[in-house]
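One structure below.
Any read-out appearing in this document is the output of simple, stated calculations on the displayed coordinates, not a laboratory observation. All figures in this text were calculated on a predicted structure; none of them were measured in a lab. Using ideal geometry, Cβ is built from the backbone for each residue, glycine included, and neighbour counts are taken over all protein chains shown.
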Amino acid sequence: MRSFCLGQRRWKWLAVGVVAVLALGALAASVNVMPSDAAANVSMEAVASSPVLASDPLKGLSVVDAIEVIQAQASASYAANPAIEPHDGKTAGPVVPDGFSFDRAPTPASTTVPSICSKAKHIICVDKTTFTATVYKNGIAQWSYYVRPGDARGARYATGEGRGRIAFKSRHHVSKAYGTPMPYAMFIAWDKDQDKHSGQAFHLSYDFQNQGYEGASHGCMGVGSEAVMQRLWETSPVGTQVYVYRSSKDPSEAVADGSSPG
């Protein structure tokens, strides 16, 4: 009887071992760990479907490319349910790429900007392709910072493009449409389509601070740094020119010239 019990235990542990091995095999198959060569060929669709967290940036992508992926995910979320913010219910910090800073952005090379930016006495030029705004004085770039436009929310909320100017400023502004604070609001009057894009402004955005690029404005160009927005407010009087454009990632393509209305 004793030997039977010992044999029973042996069979019992052997069975447990077999089950454990099978379970580990199934787990390994589900993880689907790829060799480095295969990983290098992952499509952008696969990358875009991966979770994007502030603590787990999209490795291997530039800041701008990573922002595009995050914004594409936000756009898909808005399309699925416009009433829900993509970042709602999440406890993680703002979704931004590795190397991103609310306080500064790389200044674009002079060869990649429209001539209006390098000719104006004082202008704020915004490149939607790089999500970057740059202040120019007498044709010289002074400083750059990241902005968050409204395009990811849909065409209705797309930030205006082309020429405009700062029409008026409101230090402690609150949106009448959404009831949200818009500190340091600097409203833009566009040379064209003013009705379509009325109410758009540069302003400090608490949503941008909290959500990062996993979200979008309602057309304004949100700024995530109060120091940046305060500096912009203090150095850009009413009448300051604004030009919003899209640069090309292809160096062989010329940048749209905003030196004349069109």
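Here the Karplus relation 6.51 cos²θ - 1.76 cosθ + 1.60, evaluated at θ = phi - 60°, turns the backbone of the stretch 217-231 into coupling constants of 7, 9, x, 6, 9, x, 10, x, 10, 5, 4, 5, 5, 5, 5 Hz, with x for every Gly and Pro.
Convex hull volume of the Cα atoms of the stretch 92-164, normalised per residue: 105 Å³. Pairs spanning more than 27 Å between alpha-carbon atoms, out of LYS119/LYS192; LYS137/LYS169; LYS119/LYS176; LYS90/LYS192; LYS121/LYS176; LYS59/LYS119: LYS119/LYS176; LYS90/LYS192; LYS121/LYS176; LYS59/LYS119. Each of ASP207, ASP88 was scored by other Cβ atoms within 10 Å of its Cβ. Arranged with the fewest first, they read ASP88, ASP207. Counting only DSSP beta bridges with both residues in the stretch 110-245, the antiparallel share comes to about 80 percent.
Extending 7 Å from the Cα toward the beta-carbon at both ASP88 and THR111 defines two label points whose distance is 4.7 nm.
When the square roots of the Cα gyration tensor eigenvalues are ordered a ≥ b ≥ c, the ratio a/c for the stretch 110-245 is under 1.5, which makes its shape rounded.
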